[in-house]
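K.L.:
Below is a structure I'd like to ask you about.
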Amino acid sequence: MSQEYHITSLVVHAAPKAISQVESQINALTGTDIHAVTEQGKFVITLEGETQTSILDNVEAINAIEGVLNSSLIYHQIDNVEFE
């Protein structure tokens, strides 16, 4: 039996005044990890999940956060996990 596992990275740009709020809301999402945040509001984020839908749902949730100006998909990898 095989199952997919998705790993995606994003650069998110938030308004500098909203950094703390955006960081808290991103951290509340399942499968997200913030790796860096700059004073200018740039975030480096990875998303992990078992389906493409879960990744896209998190991207949409991030884009909907008040203070997020935009996001750019940098990388997406799909691995097949084998179960016996």
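The values are calculated or read from the model by the stated rules, or taken from the named source; none is laboratory data. Note that the structure is a prediction, hence the values are computed from the model and not measured. Calculation scope for accessible area: heavy atoms of the full protein, side chains included, ligands and nucleic acids excluded. Shrake-Rupley method; radii C 1.70, N 1.55, O 1.52, S 1.80 Å.
K.L.:
Before I look further, what does the chain give for accessible area per residue, probe 1.4 Å, in whole square angstrom?
P.N.:
For the chain, the solvent-accessible area averages 64 Å² per residue.
K.L.:
What ³J(HN,Hα) values, in whole Hz, does the Karplus curve 6.51 cos²θ - 1.76 cosθ + 1.60 give for the stretch 42-47 when θ = phi - 60°, with x put for Gly and Pro?
P.N.:
8, 10, 10, 10, 10, 10
K.L.:
Measure off, as a whole percent, the carbon and sulfur share of the 1.4 Å-probe accessible area of the chain, all protein chains present.
P.N.:
50 percent
K.L.:
Show that you can apply the helix-only estimate: for the chain, add -39,500 (n - 2.57) for every DSSP H stretch of four or more residues, divide by all residues, and state [θ] at 222 nm to the nearest 500.
P.N.:
Helix-only estimate at 222 nm: -8000 deg cm²/dmol.
K.L.:
I'd like the orientation of helix 52-64 relative to the chain: the angle between its Cα long axis and the longest Cα principal axis, in ° from 0 to 90, rounded to 10.
P.N.:
10 degrees
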